[in-house]
Amino acid sequence: LAMVAAYLVLGLIWLPSLDSRIKRSGKARNDKQRMLIETLSGRREIKAIGGETTWWQRFREISGEAVLSNHKTFLSSNIMSSVTQGLMTLSGVSVLGLGTLRVLEGEMSMGALIAVMALVWRVLSPLQSAFLSFSKFEQTSKAIRQINKLMQLKPERHNGQSGLMMSRIEGRIRVDRISFRYGPDQDPALLGVSFEVQPGEMLAIVGNTGSGKSTILKLIAGMYRPQAGSLAIDDMDVRQLNSLDLRRAIAYVPQKTKLFHGTIAQNMRLNNGLATDREIEEAAREAGILDDIRRLPDGFDTRIGDNTTNRFPPGFLRGLSMARAFVSPARILLLDEPGASLDQESDRRFIEQLKLLKGRRTIIMVSHRPSHIRLADKVIMLDQGSVRFSGAADDAIALLLENAS
């Protein structure tokens, strides 16, 4: 009983300290892993700005913290192992010594001494094993809690009946007083935004950085759901539609071009796996990059998406992202800053593409370039998540120039 009490006292004193060290060690490992990923993905930028020394110092600090926290956790576990082993040995020696005296005095038989020794080991061995396994148990418990948090995330509704048929989509979009915020402790990204786009119309969205322009596109594309108000496509609320069907009905060109490991043709077929070679060639022609692709040694079979992607000019990569959207038969096209990183010649070709697309698809475009905005049938200007202006393109450009001056 005295040894059991000693084990309990040791657990109350030592285990909280070991638990905090295990959590600190886990956090340090995650920080180190995160920085390694950032180092590999941003190594060119680090070298370009001459930040190797500063970055190396930061990595040494984080790596040193990871090594130190692991060492302290390992040291605490070994100390606990040694203490528990010492208690086991002490209890065995004590029982053996007291039992031997009782046997010599005739108060206990040899068989009773052996039975007491076996009982002591039976009682204390599980306690020792529990203490020795605590660190592994805590690490496993932490991993299980992380998995549980991941599994508790609300899934998208992929099954069920959807009234959205791609062949029947006209491209009418109605946004009615929608509001959205990315977190409960953050300011609203959108607040009471309303507008309507008819099939075949082009809408330009302008505004300062952080005014909610890209958020609107992500809501229409089904990446997020409005938290207030309604967003309808062809008079069907997007919250009643299957997410996969919704995204297949919309072609989205994000602000940052992202290409995946594979060939150019495979990247272009992501949203339309049944597209023929003629269709992807036509999409590349509409995007103005068909000749550039044909000049490549392997043409559409050129592999991209890894380190080789950086050798292509930004205008070509932006055109490839546009071509991937053109392969989709969707009647709705979302463009997020399509003029970013385009030179004068690439921008001229892009304007020609927009002129060809105008009237054939419903286009919602986020842009700051007056040359793009002039092509729009109407323009809305956002300011801190609310619509400040809605009207003709020339009036919007005049208001932008007035604000800039």
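The values are calculated or read from the model by the stated rules, or taken from the named source; none is laboratory data. Treat the numbers as computed from the prediction; the structure is a model and nothing was measured. Cβ placement follows ideal geometry from the backbone for every residue including glycine, while neighbour counts extend to all protein chains displayed.
The figures follow:
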{"quantity": "Number of the exception - residue 283 against (1) within 30 Å of residue 180 (Cβ to Cβ); (2) crowded, with 18+ Cβ neighbours inside 10 Å", "calculated": "(1)"}
{"quantity": "Lone qualifier among 356, 382, 399, 334 - being more than 31 Å from the chain's Cα centre (by Cα) and either buried (at least 16 other Cβ atoms within 10 Å of the Cβ) or under 12 Å from residue 207 (Cβ atoms) (or both)", "calculated": "399"}
{"quantity": "Single match in 302, 276 (criterion: at pLDDT 85 or above, surrounded by fewer than 20 Cβ atoms within 10 Å (Cβ to Cβ) and either within 21 Å of residue 354 (Cβ to Cβ) or touching a strand residue (DSSP E or B) at 6+ places or on another chain (Cβ under 9 Å) (or both))", "calculated": "302"}
{"quantity": "Cross-chain or 6+ apart pairs with Cβ under 9 Å, the range 292-320 first and at positive phi and in a helix (DSSP H, G or I), then buried (at least 17 other Cβ atoms within 10 Å of the Cβ) and at pLDDT 80 or above", "calculated": "299/264; 299/265; 299/293"}
{"quantity": "Of all residues making up the range 385-396, the number that are hydrophobic (A, V, I, L, M, F, W, C) and surrounded by fewer than 15 Cβ atoms within 10 Å (Cβ to Cβ)", "calculated": "1"}
{"quantity": "Filter result for residue 270 (closer than 17 Å to residue 328 by Cβ and without any contact (Cβ under 8 Å) to a residue 60 or more places away in the chain)", "calculated": "yes"}
{"quantity": "Residues (of a type in the set (Ser, Thr, Tyr) and crowded, with 19+ Cβ neighbours inside 10 Å) located in the range 359-379", "calculated": "362, 367"}
{"quantity": "The one condition in (1) closer than 17 Å to residue 383 by Cα; (2) modelled with pLDDT of 90 or more that residue 196 fails to fulfil", "calculated": "(1)"}
{"quantity": "Verdict on residue 294 being more than 30 Å from residue 198 (Cα to Cα), assigned by TED's automatic domain parsing to the domain that holds residue 219 and modelled with pLDDT of 85 or more", "calculated": "yes"}
{"quantity": "Residue in the range 59-74 that is touching a residue at least 60 places away in the same chain (Cβ under 8 Å), surrounded by 12 or more Cβ atoms within 10 Å (Cβ to Cβ) and in contact with a helix residue (DSSP H, G or I) (Cβ under 6 Å, 6 or more places away or on another chain) present", "calculated": "yes"}
{"quantity": "Filter pass, residue 393 being under 27 Å from residue 170 (Cα atoms) and in the same structural domain as residue 209 (by TED's automatic domain parsing)", "calculated": "yes"}
{"quantity": "Qualifying helices (runs of 4 or more DSSP H) (wholly inside the range 215-288; at least 2 residues being closer than 22 Å to residue 153 by Cβ)", "calculated": "243-248"}
{"quantity": "Of the criteria (1) surrounded by 13 or more Cβ atoms within 10 Å (Cβ to Cβ); (2) in a helix (DSSP H, G or I), which one residue 86 fails", "calculated": "(1)"}
{"quantity": "Whichever residue in the range 359-379 is among the small types (Gly, Ala, Ser) and more than 26 Å from the chain's Cα centre (by Cα) and, among such residues, is farthest from residue 204 (Cα to Cα)", "calculated": "359"}
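Yes or no, residue by residue, for (1) touching a Cys at 6+ places or on another chain (Cβ under 9 Å); (2) over 24 Å from residue 246 (Cα atoms); (3) aliphatic (A, V, I, L, M):
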site	(1), (2), (3)
340	no, yes, yes
357	no, no, yes
369	no, yes, no
377	no, yes, no
